[in-house]
Amino acid sequence: MTELLERAVETVRTLPPEAQDAVARFLLQFVRDDEPVLQLTPEEEADLAAADEEIARGEFATDEEMSAILAKHGL
């Protein structure tokens with residue numbers, strides 16, 4: 001391991017666990033490791049599958065629905 005990488009790892013060790021995980025995910029994605037970068041919960045997987053089914057059926061939000069969502073969040 002290079003000296004620079006060792007310094008980076010030591011710095012990351014001082015971060016809270018959530019931040020350490022975020023850095024780890026970034027590094028794994030950067031080096032294109034075979035390990036998944038993001039682990040979905042069973043609920044998230046079910047939501048994603050349902051969304052894919054809606055897309056396949058052509059069910060999309062209308063322009064009015066999207067405007068309401070964006071307005072709700074001040075966008």
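No lab work stands behind these numbers, since they all come straight from the coordinates. Here the structure is a predicted model, which is why all the values come from computation and not from measurement. As a convention, Cβ positions derive from the backbone with ideal geometry for all residues, glycine included, and neighbour counts pool all protein chains shown.
If I ask for residues that are surrounded by 10 or more Cβ atoms within 10 Å (Cβ to Cβ) and among the β-branched types (Val, Ile, Thr), which ones from the range 23-54 would you list?
23, 37
Which of the residues that make up the range 61-75 are surrounded by 10 or more Cβ atoms within 10 Å (Cβ to Cβ) and part of a helix (DSSP H, G or I)? Steps first, please.
Of all residues in the range 61-75, those surrounded by 10 or more Cβ atoms within 10 Å (Cβ to Cβ) come to 61, 65-70.
Across the range 61-75, the qualifying residues are 65, 66, 67, 68, 69, 70.
Residue check: is residue 15 exposed (fewer than 10 other Cβ atoms within 10 Å of the Cβ) and touching a helix residue (DSSP H, G or I) at 6+ places or on another chain (Cβ under 9 Å)? Walk me through it before giving the result.
Values: exposed (fewer than 10 other Cβ atoms within 10 Å of the Cβ): no; touching a helix residue (DSSP H, G or I) at 6+ places or on another chain (Cβ under 9 Å): yes.
Against the criterion (exposed (fewer than 10 other Cβ atoms within 10 Å of the Cβ) and touching a helix residue (DSSP H, G or I) at 6+ places or on another chain (Cβ under 9 Å)), residue 15 does not qualify.
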